[in-house]
1. Between GLY137, GLY141, GLY147, which is open to solvent by less than 60 Å² (accessible area, probe 1.4 Å) and either in a strand (DSSP E or B) or β-branched (Val, Ile, Thr) (or both)?
2. Criterion first (open to solvent by 30 Å² or more (accessible area, probe 1.4 Å) and under 20 Å from ILE148 (Cα atoms)) does ASN65 satisfy it?
3. Give me a count of the residues in region 107-126 that are open to solvent by 40 Å² or more (accessible area, probe 1.4 Å), at pLDDT 95 or above and not charged (D, E, K, R).
4. For LEU87, state whether it is modelled with pLDDT of 95 or more and either surrounded by 10 or more Cβ atoms within 10 Å (Cβ to Cβ) or in contact with a Lys or Arg (Cβ under 6 Å, 6 or more places away or on another chain) (or both).
5. Kindly indicate the residue of region 167-183 that is out of contact with any Gly (no Cβ under 7 Å at 6 or more places or on another chain) and open to solvent by less than 20 Å² (accessible area, probe 1.4 Å) and also farthest from ILE57 (Cα to Cα) among those meeting that condition.
6. Scanning for something touching a strand residue (DSSP E or B) at 6+ places or on another chain (Cβ under 6 Å) and either part of a loop (DSSP other than H, G, I, E, B) or open to solvent by 70 Å² or more (accessible area, probe 1.4 Å) (or both), does region 214-234 turn up at least one residue?
7. Can you pull out every residue in region 91-106 that is under 21 Å from SER191 (Cα atoms) and open to solvent by 10 Å² or more (accessible area, probe 1.4 Å)?
8. Take region 150-166 and flag every residue that is part of a strand (DSSP E or B) and either of a type in the set (D, E, K, R) or buried (at least 19 other Cβ atoms within 10 Å of the Cβ) (or both).
Amino acid sequence: MLKPYKKQLIRLFWYWLVLIPGIPFILTSLGLFIYAYWPRDLSLTSQFKINNNIEYITLSAHGVNDSPASWSNELQQLMLLSPAKQLMGVTQQNYSIDWQRYSNNVFICSVAGKKLGIEIGKHLAIQPNLKAIHAIGHSCGAFVALGICEGAKSINPQLTVQTTYLDPVSVYSGVFWHYGIKHFGTCSDFSDGYIDTRDTVPGSNQALPYVYTFDVTHQQTEKDIQYPPHAWPTRFYINAYKANQVPLLYKANIAITEQLNKGQSVLLNSPNVHNN
């Protein structure tokens, strides 16, 4: 049996070398967690004007410390001026989401992004003539795309929703490292994803179990060498859209299978893995 003074020494050792040094870490983690989930007014970004009588809408959300100017504006302008054949004659709207006020902080972008997406999805779901949504997200913007689907389906489950994930971040609220991997693609009617395996961000470099995931790492050529791994999937998607080589769900019917089969990249999570 330990003598009283030895028990006291062990207790002091525990306090000074284990418990006390851990307090700042615990308090900091708790503070960041509260900061991430603190209620925010997202209406200035979520309640944008929706055109009358739209049947189909495409939205894209940039990632952390980014802006619509890097790729999102270009993609939506391209989709507006050069719609896919299956969408010809469809009343549609193209919208590039500017959510920089929430995305410029890595500690809140996933939580705020998903909440923002949910509000946008609910805003869209009450439009009387809307039939389909295509939500595209890059990096932390993937949570905006996921939220749009969840918000829209919660109001109108009959809406057709496609989500597209471009090098998505999986970490949610800085704690749940595999949240995106487990949830991306679970809400939508169809999901496609584009990753660069050189990226080290969790979720950005692996096949997603509920998403048709394309590894575009080795599709990068000298003319696109200026794009780092985390940004390359956005440029690949724009290039692939121009070449009519991205799958689009709405009005696709059997054509979506054909689009998948002729893709430029490697389909990771399909039993029919193929190269172009």
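1. After applying the criteria, what remains is GLY137.
2. no
3. The qualifying residues number 2.
4. no
5. Once the filter is applied, the top-ranked residue is SER173.
6. Yes; the residues of region 214-234 include at least one that is touching a strand residue (DSSP E or B) at 6+ places or on another chain (Cβ under 6 Å) and either part of a loop (DSSP other than H, G, I, E, B) or open to solvent by 70 Å² or more (accessible area, probe 1.4 Å) (or both).
7. Within region 91-106, GLN92, GLN93, ASN94, TYR95, SER96 meet the criteria.
8. VAL161, GLN162, THR163, THR164, TYR165, LEU166, listed by residue number.
The values are calculated or read from the model by the stated rules, or taken from the named source; none is laboratory data. Predicted model, so just to flag it, every value in this text is computed and none were measured. No Cβ is skipped: glycine too gets one built from the backbone with ideal geometry, and neighbour counts run over all protein chains shown. Each accessible area value is taken on the protein alone, full model and side chains, heavy atoms only, with ligands, DNA and RNA left out. Shrake-Rupley method; radii C 1.70, N 1.55, O 1.52, S 1.80 Å.
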